[in-house]
Amino acid sequence: MSAEENRTLIQRVFAEGFNQGRLTVVDEVFAPNFVDRSTPSQPPGTEGVKEYISAVRTGFPDIAVTIDDLIITEDKVVVRTTWRGTHLGTYENRAPTGRQVTRTMIQIFRVVDSKLYEEWSEGNSLEQQ
């Protein structure tokens, strides 16, 4: 895939998946056997990704993920993001606080056959300010 095609994949994950809650994008951009190498508790495949996005949006219905930096090659995308939202629902077994939260993350995605195939990430949980 070209760098531009890889850019489009990752932009769709955050704009459509996280920011808009459109879970159908997961089937369009993630491989059916996707694995998040940094979150072993997440079920593999697209259902695991959908569960994660749903959990984030349940806890933070106004979540807004901003892409701060992108580094793209033919088979990898490195993205640095800032996540902001209001803790209005249960998340990671924590009752809602109504507080604003922010986190930054660096994620590395491997692209295989035009789909996101693997991920490694570094970053904190959604923290309260």
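For F34, the residues whose amide H sits under 5 Å from its own are G45, T46, ignoring neighbours fewer than 5 places away on the same chain, with H placed 1.01 Å from N. Electrostatic tally near H87: other residues with Cβ closer than 9 Å to its Cβ, Lys and Arg +1, Asp and Glu -1, net +2. Of the trypsin sites (Lys or Arg not before Pro) found in the stretch 1-43, those in coil by DSSP whose Cβ has at most 15 other Cβ atoms within 10 Å are R22, R37.
Relative to the longest principal axis of the Cα atoms of the chain, helix 46-59 runs at roughly 30 degrees. Loop-resident GluC sites (Glu not before Pro) (DSSP state other than H, G, I, E or B) in the stretch 25-129 with no more than 13 further Cβ atoms inside 10 Å of their Cβ: E74, E92. Based on Cα contacts under 8 Å between residues 6+ apart, the stretch 19-129 shows a relative contact order of 25 percent. Ordering L88, L9 from the fewest to the most neighbouring beta carbons within 10 Å gives L88, L9. Can you tell me the 0 to 90 degree angle between the C-alpha axis of helix 3-12 and the longest principal axis of the chain, rounded to 10? Here the helix axis deviates by roughly 30 degrees.
Bear in mind these aren't lab numbers, they're just calculated from the coordinates by the rules spelled out. Note that the coordinates shown come from a computational prediction; the quantities given were computed from them, not determined experimentally. We place every Cβ from the backbone using ideal geometry, glycine too, and count neighbours over all the protein chains shown.
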